[in-house]
Every structure is written in structure tokens, then in C-alpha cells.
Amino acid sequence: NLEGHINTGNVKVASAALITLSVALEHYGEYSFEQTDEERASVIRRLSGLLIKGIAHYKGAISQEAFRTLTEHVFLSRSISLEYKREILVLTGKRILTLVADSRGESSELGFYNSAASLNNIYRFISEYTSEIGEFGIESSRRVAFFPGTFDPFSLGHKAIACTIRDMGFEVFLAIDEFSWSKKTLPHMLRRSIASMSVAAEPDIYLFPDDVPVNIANPHDLKILRSMFDGRDLYMAVGSDVIRNASSYKARPSRDSIHSFNHIVFARQARRTEKEDN
């Protein structure tokens with residue numbers, strides 16, 4: 001029900017839902033439930049994921065409110081332990097970083113100061129934690145899946161593929177193509193916004209930054225991509241139709257070309273021509 005309120009375009013209703021979720025997340029450890037550790041962790045992931053979904057919202061006012069309530073009710077809270085705050089930051093920190101640059105609220109001066117204050121709340125917690133307890137020691141999955149595509153638009157099928165790859169033990173990065181030579185796609189930022197909101201609540205699935213363009217047919221771009229994940233196992237996630245038809249796979253293999261990468265290939269039925277149908 002609360003997720004439905006966040007998805008609505010009504011700023012007041014969404015803001016009320018976000019505050020409710022923030023308070024619930026803040027005080028969840030105080031509730032008396034007979035739960036296993038796995039069940040508890042699942043609820044915390046769900047609550048924090050919905051707040052992250054609010055930060056990814058296409059409306060700036062909702063995005064601002066989600067960021068503000070999460071950092072104020074959790075990372076500035078004096079009623080919860082530093083270890084619990086760390087647990088939430090481990091779940092949300094990387095997704096916050098990938099969303100801040102895309103925040104719909106930063107186009108205004110108010111949005112800029114809201115983000116600055118929210119990031120300062122996180123910084124204050126990190127400073128307190130490292131001073132009193134020590135280093136965070138956050139671990140990331142060794143395996144990374146780079147999932148490029150036009151995603152016109154991002155669908156439940158795309159999300160299912162990304163989640164399946166994630167469940168195999170990968171961190172998944174979705175790279176939204178600027179345009180397509182073969183399709184009349186929706187505007188890039190619209191497709192990016194749809195994908196961002198669709199996966200915001202999913203752990204270990206991120207949007208790849210727009211300021212690092214990667215053309216899988218360009219070995220130079222792929223060399224830069226590989227260097228960004230140096231020391232980790234990098235895989236390309238593509239459909240079987242891409243391998244069949246894309247010019248990058250038909251080109252002669254070379255150093256740092258697409259042929260030199262590990263792959264995760266998901267099956268797609270080849271499109272039949274009218275002649276084949278007849």
C-alpha cells in the first residue's frame with residue numbers, strides 16, 4: 001500500500017508514505033516479532049529499498065523528501081545503534097551514490113541544498129562510526145555484469161533478467177544507450193528514469209553512469225570499462241539475438257574487443273522474416 005502511494009504523482013501522499021517508511025525503518029529493531037535473522041534482514045531490505053525508490057522518483061519534490069527523511073530519521077537518529085545504521089548504509093549507500101547525479105530535485109537551488117544537507121547527514125554518521133568503532137569493511141561481489149541496451153522502455157522482462165543475474169551472485173550495471181540506429185526510441189532521459197525507478201528497490205542492481213559512454217563495438221571504450229572494475233570478474237550480459245546480429249560480434253577479434261570478455265547470454269527467439277513465415 002505504501003509503495004503504491006510512492007508511485008503516485010501526488011507529492012503530499014507520497015511524502016506521507018516516505019515519512020512513515022523512514023520511521024518504521026528507524027524503529028524496526030524495537031518491534032517484538034518472532035523472526036529469523038533472514039526474515040528480519042528481508043524486511044529491512046524492503047523498507048530501505050522503498051525509500052531508495054522514492055529517491056529515484058521522477059518528481060523532484062518526492063525525490064528530495066525521500067532523501068531527506070531517510071538521512072534524518074536513520075543516520076541522524078539517536079535512538080538506534082551505530083551498527084544498525086551501518087547495516088542500512090551498506091544496503092543503500094551505493095545506490096544513493098548512483099542516484100544523486102540523476103536526482104530530479106537538483107535542478108533547483110532548493111534541491112541542491114537538500115542533497116547537500118542529506119549527504120552531510122550521512123557523512124556525520126560515517127565520521128562518528130569510524131571514530132568510535134573503526135572502518136566499515138564493506139564487501140562487494142567479485143563478479144560484475146554489464147548489461148547494455150536501449151531498454152525502450154524498460155520492461156518487467158528486462159527487470160526479471162537483471163534480477164536473475166543478480167541472484168547468480170553478480171552486481172548488475174544497466175547501461176542505457178543514448179539512441180538506436182534501428183529504432184525510434186523514447187528520449188534517453190525518459191528511458192533512464194523508467195529504468196531507475198524500476199530497479200531502485202532491488203539490491204545490487206545499478207544504473208551505469210551516463211558520463212562514461214561505452215560502445216561495445218569500440219575496443220577503447222571496453223578497455224576503459226574493464227579498468228573501472230579492475231580486480232573483479234567482468235561479464236557482458238546480452239541476448240542471443242545481439243550475438244547473432246550485432247556488428248561488434250561480426251568484426252574480427254582484437255585486443256580488448258567484445259570477444260575477449262566473459263559473457264552471460266540469455267536466449268531470445270530469432271525474429272522470423274515474412275518470407276520464413278510464409
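The values are calculated or read from the model by the stated rules, or taken from the named source; none is laboratory data. As the structure is a prediction and not an experimental result, all values here were calculated from the model. Glycine also receives a Cβ, built like all others from the backbone with ideal geometry; neighbour counts cover every protein chain displayed. Ligands, DNA and RNA are stripped out before the accessible areas are found, and what is left, the full protein with its side chains, is counted by its heavy atoms. Shrake-Rupley method; radii C 1.70, N 1.55, O 1.52, S 1.80 Å.
SER198 fails exactly one of the following numbered conditions: (1) under 16 Å from the mean Cα position of the chain (by Cα); (2) among the hydroxyl-bearing types (Ser, Thr, Tyr); (3) surrounded by fewer than 18 Cβ atoms within 10 Å (Cβ to Cβ). What is the number of that condition?
In the conditions (1) under 16 Å from the mean Cα position of the chain (by Cα); (2) among the hydroxyl-bearing types (Ser, Thr, Tyr); (3) surrounded by fewer than 18 Cβ atoms within 10 Å (Cβ to Cβ), SER198 misses (3) alone.
Does the stretch 38-45 contain at least one residue that is touching a residue at least 40 places away in the same chain (Cβ under 8 Å), assigned to a helix (DSSP H, G or I) and either surrounded by 14 or more Cβ atoms within 10 Å (Cβ to Cβ) or out of contact with any helix residue (DSSP H, G or I) (no Cβ under 8 Å at 6 or more places or on another chain) (or both)?
Our first condition is that a residue be touching a residue at least 40 places away in the same chain (Cβ under 8 Å); within the stretch 38-45, this holds for 44-45.
Right, trim to assigned to a helix (DSSP H, G or I) and you get 44-45.
From what's left, either surrounded by 14 or more Cβ atoms within 10 Å (Cβ to Cβ) or out of contact with any helix residue (DSSP H, G or I) (no Cβ under 8 Å at 6 or more places or on another chain) (or both): 44-45.
The answer is yes, given that some residue of the stretch 38-45 is touching a residue at least 40 places away in the same chain (Cβ under 8 Å), assigned to a helix (DSSP H, G or I) and either surrounded by 14 or more Cβ atoms within 10 Å (Cβ to Cβ) or out of contact with any helix residue (DSSP H, G or I) (no Cβ under 8 Å at 6 or more places or on another chain) (or both).
On the given criteria, is PHE136 crowded, with 20+ Cβ neighbours inside 10 Å, within 26 Å of GLY54 (Cβ to Cβ) and of a type outside the set (A, V, I, L, M)? Can you show your working first?
Working: crowded, with 20+ Cβ neighbours inside 10 Å: no; within 26 Å of GLY54 (Cβ to Cβ): yes; of a type outside the set (A, V, I, L, M): yes.
Against the criterion (crowded, with 20+ Cβ neighbours inside 10 Å, within 26 Å of GLY54 (Cβ to Cβ) and of a type outside the set (A, V, I, L, M)), PHE136 does not qualify.
Among the residues of the stretch 145-154, is any within 20 Å of LEU97 (Cα to Cα), of a type in the set (A, V, I, L, M), touching a residue at least 60 places away in the same chain (Cβ under 8 Å) and surrounded by 14 or more Cβ atoms within 10 Å (Cβ to Cβ)?
Yes, there is a match, as at least one residue in the stretch 145-154 is within 20 Å of LEU97 (Cα to Cα), of a type in the set (A, V, I, L, M), touching a residue at least 60 places away in the same chain (Cβ under 8 Å) and surrounded by 14 or more Cβ atoms within 10 Å (Cβ to Cβ).
On the given criteria, is ASP230 of a type outside the set (Phe, Trp, Tyr) and open to solvent by less than 40 Å² (accessible area, probe 1.4 Å)?
Working: of a type outside the set (Phe, Trp, Tyr): yes; open to solvent by less than 40 Å² (accessible area, probe 1.4 Å): no.
Criteria not met by ASP230.
Looking only at helices (runs of 4 or more DSSP H) that lie completely in the stretch 50-151, which have at least 2 residues being aromatic (Phe, Trp, Tyr) and over 27 Å from GLU171 (Cα atoms)? First the steps, then the outcome.
Values: elements: 60-70, 82-100, 109-132.
Because the criterion is at least 2 residues that are aromatic (Phe, Trp, Tyr) and over 27 Å from GLU171 (Cα atoms), the helices (runs of 4 or more DSSP H) in the stretch 50-151 that meet it are 109-132.
Could you check ARG68 against (1) open to solvent by less than 50 Å² (accessible area, probe 1.4 Å); (2) of a type in the set (Lys, Arg); (3) over 18 Å from the mean Cα position of the chain (by Cα) and say which number it fails?
(1)
Give the stretch 24-37 a look and list any residue that's surrounded by 12 or more Cβ atoms within 10 Å (Cβ to Cβ), in a helix (DSSP H, G or I) and over 23 Å from the mean Cα position of the chain (by Cα), or say none.
TYR28, GLY29
For SER248, all conditions in the list (1) within 20 Å of VAL144 (Cα to Cα); (2) open to solvent by less than 40 Å² (accessible area, probe 1.4 Å) hold save one; what is the number of the exception?
(1)
Checking ALA116 against (1) at pLDDT 80 or above; (2) of a type in the set (Gly, Ala, Ser); (3) open to solvent by 60 Å² or more (accessible area, probe 1.4 Å): exactly one of these is not met. Which one?
Status for ALA116: all satisfied but (3).
Suppose the filter is touching a His at 6+ places or on another chain (Cβ under 9 Å) and modelled with pLDDT under 85; does GLU178 pass it? Explain how you work it out, then say what you get.
On the way: touching a His at 6+ places or on another chain (Cβ under 9 Å): yes; modelled with pLDDT under 85: yes.
Criteria met by GLU178.
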